[in-house]
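A.B. asks: Have a look at this one.
The values are calculated or read from the model by the stated rules, or taken from the named source; none is laboratory data. Values in this document were obtained by computation on a predicted structure and should not be read as measured data. With ideal geometry, Cβ positions are generated from the backbone for all residues, glycine too; neighbour counts draw on all protein chains shown.
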Amino acid sequence: MARRGKPATATTEERRGIQSVEVSAVILSALSSAGSAVSLKQLSDITQMPPSKTHRYLSSFVRTGLVRQDVISGHYDLGPAALELGLAALSRLDIMELAQSEMKLLTEKTGLTSILSVWGQQGPTVVRWQRAREQLITSLGLGSILPVTFSATGHAFLAFLPQALTATLSNKELATQKNKTPSSMRPRTKKELTDILSAVKATGVAHADNSVIPGLRAIAAPVLDHQNDAAAVITLIGTDYIFSESAEEVVDTLTAACNRLSFNQ
């Protein structure tokens, strides 16, 4: 009489289940990073899995909606169920809470006050504030509305948000600046503003010198969402003296923090 094999233990089953999940994650991650639909061979090459094994997983993914297959090319891409999961995850991310710890570290490392702003109906709105040991004499506070055309925060938003969202406010501000004293940080025409924003887009950071707030300087960088739009902006402000001591290090520290918070990674 043939001996029956030993029944799988709970530990064995658990190990198999975990391995399957890990393989699934590798395949789905490869589809996500590919950027477009790919063939079975391409996906097998990326994941370094045999085509037969990859195909079995893909078949299950297609049935569940996590993956879709083009009926003409046969190529695979992320499906509607994957989109729903991604959007659900994004909706549960609270950028204000996530940024709080980063702002605390930023202030500790740089000695500068850090503020978090989001885009509101009236423009950049301060929603978080991490004060440095050096007290700043400023009227800024929670709920403050910042200028869009002549603040570092405003420039960061204008550079990384669609113009359809920002044009009304920026045009309104520019109209009030025509008779103001010329300044590299305070544009008076669309051309001057465009030149500033081009530099912000190229470097990923926006600056404001003491012509905006006498005695204070600011640097701002966006926290980007999954569409590379500014979900928020973190701004560091301080006196000329503090900035001049370690300006390059401040830029690197700020951009690194914003990159960690961004959803587009």
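A.B. asks: Take residues that are at pLDDT below 90 and among the acidic types (Asp, Glu) and tell me which of the helices (runs of 4 or more DSSP H) falling wholly in segment 155-265 contain 2 or more.
C.D. replies: Correct list: 240-245, 247-261.
A.B. asks: Would you confirm whether any residue within segment 13-23 is surrounded by 11 or more Cβ atoms within 10 Å (Cβ to Cβ), modelled with pLDDT of 90 or more and over 30 Å from Trp129 (Cα atoms)?
C.D. replies: Yes: segment 13-23 contains one or more residues that are surrounded by 11 or more Cβ atoms within 10 Å (Cβ to Cβ), modelled with pLDDT of 90 or more and over 30 Å from Trp129 (Cα atoms).
A.B. asks: Every residue in segment 221-237 that is farther than 14 Å from Ser262 by Cβ and of a type in the set (A, V, I, L, M, F, W, C), please.
C.D. replies: Going residue by residue through segment 221-237, those that are farther than 14 Å from Ser262 by Cβ are 235-237.
Once the filter is applied, which keeps residues that are farther than 14 Å from Ser262 by Cβ and of a type in the set (A, V, I, L, M, F, W, C), segment 221-237 yields Leu236, Ile237.
A.B. asks: Scan segment 50-66 and report the pairs whose first residue is free of Cβ contacts under 8 Å to residues at least 60 places away in the same chain and whose second residue is of a type in the set (Phe, Trp, Tyr), with Cβ atoms within less than 7 Å and a gap of 6+ or a chain change.
C.D. replies: From segment 50-66, the pairs are Leu58/Tyr76.
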